[in-house]
Amino acid sequence: MNTWIMVKTGLIKQVRSYRFLVVLAIAIGVAYFCVPTSRDNYNVFVIGGMRGVYNSAYLGVLASAGSAVILFLAGFYLLRSQITEDRELKIGQIIASKSISKQRYVFSKVISNFLVLILMESVFLISIMVIQFIRGEDMYFSLMGYIWPLLEITLPFLLVLASLTVLFDTIPFLRGIIGNIVFFTLWNILVILSYEYTHRPMLDLLGISRITTAITQGAVSANPDIDANKFLNDVNFGLNIGTNELPAFVWNGLEIIPSFVVTRIIWIGIAVGIILLSSLAFDRFRKNAAADTSSRIKQRGENKTADKTFNLTLPLSPITGARSKNLWLLVKSELRVMRSELSYGQIGLLAIGIALHVILPSGSMMKWLSLFLMLLTNVWAGMSCRDNQYRTQAMVYSRCDMRDKWIAAGAAGLIIAFTVSSGAILRFALSGAWLQAVSWVVGMYFVVSLAMTLGTLTGSRRLFEALFIIWLYLGPVQEVPALNFLSNEAVTVVLYGLMGVILTGMGFFMVTLKEKRVSNRNNR
């Protein structure tokens with residue numbers, strides 16, 4: 001099988017999915033958000049109490065910095081399960097029977113993921129280009145102002161990211177929630193290194209120090225009155241509220257620094273090393289093939305024994321029973337399935353999180369405790385798409401209505417969410433902070449409704465996994481007002497409550513359409 005055919009197949013499979021379209025829509029929205037007007041009460045990139053004029057050079061590095069913070073995290077959770085999908089779809093047996101080396105298969109997965117990341121980055125970058133003319137601060141367009149940061153900063157870390165998506169998928173214990181937590185920790189470390197170590201370019205994989213240093217030098221040379229040390233030490237990349245009237249400086253772009261280019265080449269070599277390590281860890285689906293062979297042999301032996309023992313001809317009649325309407329039994333079944341997806345270690349950590357919410361005093365520590373919700377990401381992500389993932393739709397929906405199953409899954413998800421949040425809700429209720437208690441109830445409802453709707457829309461868990469982890473970090477942890485679904489502001493609580501109701505309505509409507517489509521097909 002040709003390597004390019006495998007790359008092309010993986011690329012087409014990703015691009016044709018609903019989640020890819022949703023990600024592109026989000027990328028366009030984020031691009032618009034990153035370049036606010038002077039009338040907006042925030043700025044995204046503030047350095048030394050100033051911001052750059054929206055020219056091609058400044059917006060080019062802004063796009064690279066935005067990709068380092070957002071795309072690096074979201075891209076991993078969207079693309080991390082390509083080999084696992086082949087395993088679940090039984091494509092692995094075909095691969096194992098062909099003369100395809102482990103290195104070639106892993107390489108094709110990395111390249112297809114890399115191309116998908118480039119497509120996402122391209123949409124984001126083109127959106128930034130269009131916004132330059134919409135904002136109209138500098139109408140001169142320089143293509144190199146956008147292309148050079150892409151080549152020097154963005155593409156190397158996207159290649160490293162693509163190789164990490166495959167590495168985490170080839171190591172068994174990194175495929176699940178442990179891998180999610182490990183990568184989230186790794187991403188935080190990379191961001192800190194990229195911010196803090198301005199004089200060690202080898203540690204600056206994400207290129208943030210390269211960008212801030214270059215902007216500082218350019219701004220100081222154009223404005224001698226600026227204090228360079230203060231300017232460099234006052235870098236804020238995020239949502240900076242109340243900074244709409246900042247003075248602007250003109251910056252003309254990155255200069256080529258050979259030593260930094262060498263470090264990028266080294267990072268490309270590290271990505272190649274990760275690919276080789278992934279090929280060594282990859283089992284080439286031998287475990288699946290061995291398990292299937294053993295199962296077939298065992299079944300064949302049982303069939304022979306049964307043929308010798310029993311020689312009966314039984315009249316069979318079609319099943320005419322009605323589909324089950326017992327919603328509580330469905331909820332209990334969903335709870336059992338969700339419980340099976342949690343290891344004893346995860347349950348223990350969740351119990352510790354509940355206790356800490358009760359014991360620890362209120363303060364900044366409380367927001368970090370919301371990270372315990374990451375342990376439930378995999379459970380919530382699969383609520384409405386588990387049957388699609390394991391190909392059990394026909395079996396399950398022959399005995400229950402799709403809408404009843406959808407409601408039961410959502411109810412089970414809410415029960416788990418409220419159980420895990422019981423420590424925080426109880427703490428706030430006992431202290432009389434009823435608005436905070438209500439905000440946690442509403443926040444959990446919003447998260448479950450988001451998971452149900454995205455799973456129903458895409459038929460996959462990956463979009464919710466990527467979106468939720470970013471939302472959790474930027475909202476409750478970093479306390480970005482618009483994204484904090486656990487905020488104790490009354491307006492925010494009402495807003496997220498309405499969003500939860502809307503998402504629930506959208507998800508239920510999509511399930512109703514699917515139920516009618518299946519019913520019409522069966523009645524033909």
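Side notes on the structure shown:
A quick yes/no check of all residues on (1) surrounded by 17 or more Cβ atoms within 10 Å (Cβ to Cβ); (2) out of contact with any Gly (no Cβ under 8 Å at 6 or more places or on another chain); (3) of a type in the set (Gly, Ala, Ser):
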{"position": "70", "(1), (2), (3)": "yes, yes, no"}
{"position": "73", "(1), (2), (3)": "yes, yes, no"}
{"position": "77", "(1), (2), (3)": "yes, yes, no"}
{"position": "81", "(1), (2), (3)": "yes, yes, yes"}
{"position": "89", "(1), (2), (3)": "no, yes, no"}
{"position": "93", "(1), (2), (3)": "no, yes, no"}
{"position": "107", "(1), (2), (3)": "yes, yes, no"}
{"position": "117", "(1), (2), (3)": "yes, no, no"}
{"position": "121", "(1), (2), (3)": "yes, yes, no"}
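- Taken over segment 69-111, the criterion of being among the basic types (Lys, Arg) and either in a loop (DSSP other than H, G, I, E, B) or more than 21 Å from residue 156 (Cβ to Cβ) (or both) is satisfied by 80, 87, 90, 98, 102, 104.
- Residues of segment 420-436 satisfying the condition of being without any contact (Cβ under 8 Å) to a residue 24 or more places away in the chain and either farther than 17 Å from residue 368 by Cα or outside the structural domain of residue 482 (by TED's automatic domain parsing) (or both): 429, 430, 432, 434
- Test: residue in segment 75-86 that is of a type outside the set (Asp, Glu) and over 30 Å from residue 30 (Cβ atoms): no
- Segment 312-368 - residue that is touching an Asp or Glu at 6+ places or on another chain (Cβ under 8 Å) and in a loop (DSSP other than H, G, I, E, B) and, of those, modelled with the highest pLDDT: 325
- Among the criteria (1) out of contact with any Ser or Thr (no Cβ under 9 Å at 6 or more places or on another chain); (2) in a helix (DSSP H, G or I), the one residue 514 does not fulfil is (1).
- Hits in segment 18-29 - residues which are surrounded by 13 or more Cβ atoms within 10 Å (Cβ to Cβ) and more than 15 Å from the chain's Cα centre (by Cα): 28
- Any hit, segment 241-249, residues being at pLDDT below 75 and surrounded by 14 or more Cβ atoms within 10 Å (Cβ to Cβ): yes
- Pairing residues of segment 377-394 that are at pLDDT below 85 with residues that are buried (at least 18 other Cβ atoms within 10 Å of the Cβ), at Cβ distances under 6 Å and at least 6 apart in sequence or on separate chains, gives 393/387.
- Boolean, residue 91 is aliphatic (A, V, I, L, M), farther than 30 Å from residue 212 by Cβ and assigned by TED's automatic domain parsing to the domain that holds residue 280: yes
- Residue within segment 480-492 that is among the β-branched types (Val, Ile, Thr) and at pLDDT below 90 present: yes
- Selected residue (only one of 232, 193, 254, 205 is hydrophobic (A, V, I, L, M, F, W, C), crowded, with 17+ Cβ neighbours inside 10 Å and at pLDDT below 75): 232
- Qualifying positions in segment 114-145 - among the hydrophobic types (A, V, I, L, M, F, W, C) and not in a helix (DSSP H, G or I): 139, 141
- Of the residues making up segment 471-492, those that are surrounded by fewer than 21 Cβ atoms within 10 Å (Cβ to Cβ) and part of a helix (DSSP H, G or I) number 10.
- For beta carbons closer than 6 Å, sequence separation of 6+ or different chains, a first residue in segment 265-281 that is assigned to a helix (DSSP H, G or I) and a second that is hydroxyl-bearing (Ser, Thr, Tyr), the qualifying pairs are 271/163; 274/163; 275/163; 278/170; 281/170.
- Any hit, segment 172-187, residues being touching a residue at least 60 places away in the same chain (Cβ under 8 Å), assigned to a helix (DSSP H, G or I) and of a type in the set (S, T, N, Q): yes
- Selected residue (only one of 62, 21, 78, 73 is free of Cβ contacts under 8 Å to residues at least 60 places away in the same chain and either touching a Phe, Trp or Tyr at 6+ places or on another chain (Cβ under 7 Å) or within 30 Å of residue 167 (Cβ to Cβ) (or both)): 21
- Matching option when the condition is out of contact with any Phe, Trp or Tyr (no Cβ under 7 Å at 6 or more places or on another chain), part of a helix (DSSP H, G or I), aromatic (Phe, Trp, Tyr) and within 30 Å of residue 186 (Cβ to Cβ), among 446, 509, 418, 468: 468
- Subset of segment 453-467 [hydrophobic (A, V, I, L, M, F, W, C) and within 16 Å of residue 79 (Cβ to Cβ)]: 463, 464, 466, 467
- Condition met for residue 417 (at pLDDT 90 or above, in the same structural domain as residue 512 (by TED's automatic domain parsing) and touching a Ser or Thr at 6+ places or on another chain (Cβ under 8 Å)): no
The values are calculated or read from the model by the stated rules, or taken from the named source; none is laboratory data. Remember, it's a predicted structure, so these values are computed and weren't measured experimentally. Heads up, the Cβs are rebuilt from the backbone with ideal geometry, glycines too, and the neighbour counts pull from every protein chain shown.
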